[in-house]
1. Considering region 429-456 alone, what residues qualify as being over 16 Å from R367 (Cα atoms) and open to solvent by less than 20 Å² (accessible area, probe 1.4 Å)?
2. What is the residue count in region 214-240 for residues that are under 16 Å from D175 (Cβ atoms) and more than 11 Å from the chain's Cα centre (by Cα)?
3. Is it the case that some residue within region 407-414 is under 30 Å from V289 (Cβ atoms) and without any contact (Cβ under 8 Å) to a residue 12 or more places away in the chain?
4. Restricting to region 516-564, and then to whatever is touching a Gly at 6+ places or on another chain (Cβ under 9 Å) and polar (S, T, N, Q), can you tell me which residue is farthest from E407 (Cα to Cα)?
5. Does region 150-158 contain any residue that is touching a helix residue (DSSP H, G or I) at 6+ places or on another chain (Cβ under 9 Å), assigned to a helix (DSSP H, G or I) and within 30 Å of H569 (Cβ to Cβ)?
6. Working only within region 333-389, note down all residues that are of a type in the set (G, A, S) and outside any helix (DSSP H, G or I).
7. Out of all the residues in region 406-418, which are open to solvent by 60 Å² or more (accessible area, probe 1.4 Å) and acidic (D, E)?
8. Only one of F325, F296 is touching a residue at least 40 places away in the same chain (Cβ under 8 Å), surrounded by fewer than 24 Cβ atoms within 10 Å (Cβ to Cβ) and part of a helix (DSSP H, G or I). Can you tell me which?
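The values are calculated or read from the model by the stated rules, or taken from the named source; none is laboratory data. Note that the structure is predicted; figures quoted are calculated from it, not measured. Here the Cβ positions follow ideal geometry from the backbone for every residue, glycine too, while neighbour counts run over all protein chains shown. Protein only, heavy atoms only, side chains kept; ligands, DNA and RNA dropped before computing areas. Shrake-Rupley method; radii C 1.70, N 1.55, O 1.52, S 1.80 Å.
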Amino acid sequence: METIAVLSPLLGGLIAGLFGRLIGDKAANMVTCLLMVVATACSVILFKNVALEKAPHIVELFTWIASGKLNVPWALRFDQLAVVMVVMVNLVSCAVHIYSVGYMSHDDARARFMSYLSLFTFAMLMLVTADNFAQLFFGWEGVGLMSYLLIGFWNKKDSANNAAIKAFVMNRIGDFGLALGIMAVFFLFGTLNYDAVFADVVNKQDVAMIFLGHEFNAINLICALLFVGAMGKSAQLGLHTWLPDAMEGPTPVSALIHAATMVTAGVFMVVRMSPLYEFAAPVREFITVLGALTAFVAATIALTQFDIKRVIAYSTMSQLGYMFFALGVSAYGAAMFHLFTHAFFKALLFLGAGSVIHAMSGEQDMRRMGGLYKLIPTTYTLMWIGNLALAGIPFFAGYYSKDMILEAAFASGDKIGHFAYWMGIAAALMTAFYSWRLLFLTFHGKPRADKHTMEHVHESPLVMMAPLYVLAAGALGAGWWGYELFVGESRIAFWGASIFINAGQDSIMEAHHVAKWVKLLPTLVGAAGILLAYILYMQATNLPGKIVQAFKVVHSFLYHKWYFDELYHIIGVVPAFFIGDKLWKIGDGKIIDGMGPDAIAAGIASSSRGTGKIQTGYVFHYAFAMLIGVVCFITAYLFIAYR
């Protein structure tokens, strides 16, 4: 059962990738989708057995690495934390696979696309079921590689190629930190096995380690390095610039990578490492602040964007910020709860946006939409559900999970927790506003597209709409269904030993006892954001333009994404190109090649030309040369004999 749940996507990816041309696109679609359905069914059964019936276990397949002290088995860890991720990844990936059959129906490389989707899913499953740091790194790098291929799938577009390279480079920066962290783990603990490391943390909590010439607390250093990896994968402020550009990939890629899987890898990793992070309070404080800032900054940028997918992408970045500041205040269950609910409503929004783009013949700019709610009413209704969940409106999934994060941050009791709460409240207001701005600009008002486009607007086929119904059910019901298990009174029994929290640091327990205004405020600001969007984009439609003119500098700052890309271009790209150009032309061209192979080749060519001049073809020249040779030989002999 366990191997089927994890390896089915690998089998589907290999069949579609290696034999796609032989079996054809339709067969590749069928094989990958069928195997994803099988994997999803198995993961649901595993969730029941492991999480609900409390039967965590490890399936060891074979010894992977055996070298000196380093002994790494290839094992599948199925505890409560892992099965939550497995069922969520497989369910969303299955929906995306089926949706892609319709969305990519006109593409000429469908088999390759389905292969990439399945292989990406396999890599993510390897990551979440890893039983050691080496296997975690394998899955981590696997999702990075497959995301590069998926983002740049339409490789005839320069923008797609640039976005793929950007994602790859930004993630490599984070992955370097993760690799150093894993090396530090082995250096300190002498093993990469989770259980052995976690059991020995208490004994190593006061050990110091030298890094870059300075002494640090070893646990703090390891957690900080591991978090750098999480920053890259989960697009936290500083290493976030790849996420919006990744929208250049096909929409199913956005739904899979940027809603439920790759971008949540960092959140999962920190939760998995909770036995380490609970002894690294300074690092958790940093995570809290950075997560709060990420939630706020991403929401401010989303206010000004017009690409429908980029608005949702910045929303993803903002929601990831919520998850991280929950981790920072030790509300691991709340972070996982929001990760779980967010997967449903954000995948719904991305695929709903794909349905809009499909209906609009590829148009993504909301300024060229409008008046669609009568033409594609089903998509419109489903987008409503996703937006209500995203805005945290009561009884939708986001209401239960996002509010719990805010309450836990406030209940943590310190200034940093309160800072995160108020930044989260501000982000909640903006989230409700920009999500309804998206809805009103896309579906309401007068049509702003050309007549030809509007005449061809149509609802997506059933193969695309059916997955949206499943995701909409999750956006409606995942919150109230999972509340008791993830963050309610049953949470400790539910999570078991898969999450560790030090005594006195259970902010979720305290969150249930915060003041009523703390609980009500997120809902009130969400309603206020929706009302404000309604006024500006449905009633006083001339006001947004006037506001932009009145605050032109602020709007430009937000529209240009706080100028992070421009800043990185100046401090990173320009110097790198300058240094690379000099190393290429001077270091490589003039010094290495000029004094090495080029110089040797030139010397040989020159000597060959000189030697060639001697070969005149005249007999008397050769006879003269022989005579000189004989004279030289006799002279040398006499000199040696009579010395």
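1. T431, A432
2. The qualifying residues number 7.
3. Yes, there is a match, as at least one residue in region 407-414 is under 30 Å from V289 (Cβ atoms) and without any contact (Cβ under 8 Å) to a residue 12 or more places away in the chain.
4. T541
5. yes
6. Result: S361, G362, G370, G371.
7. The answer is D414, and nothing else.
8. F296
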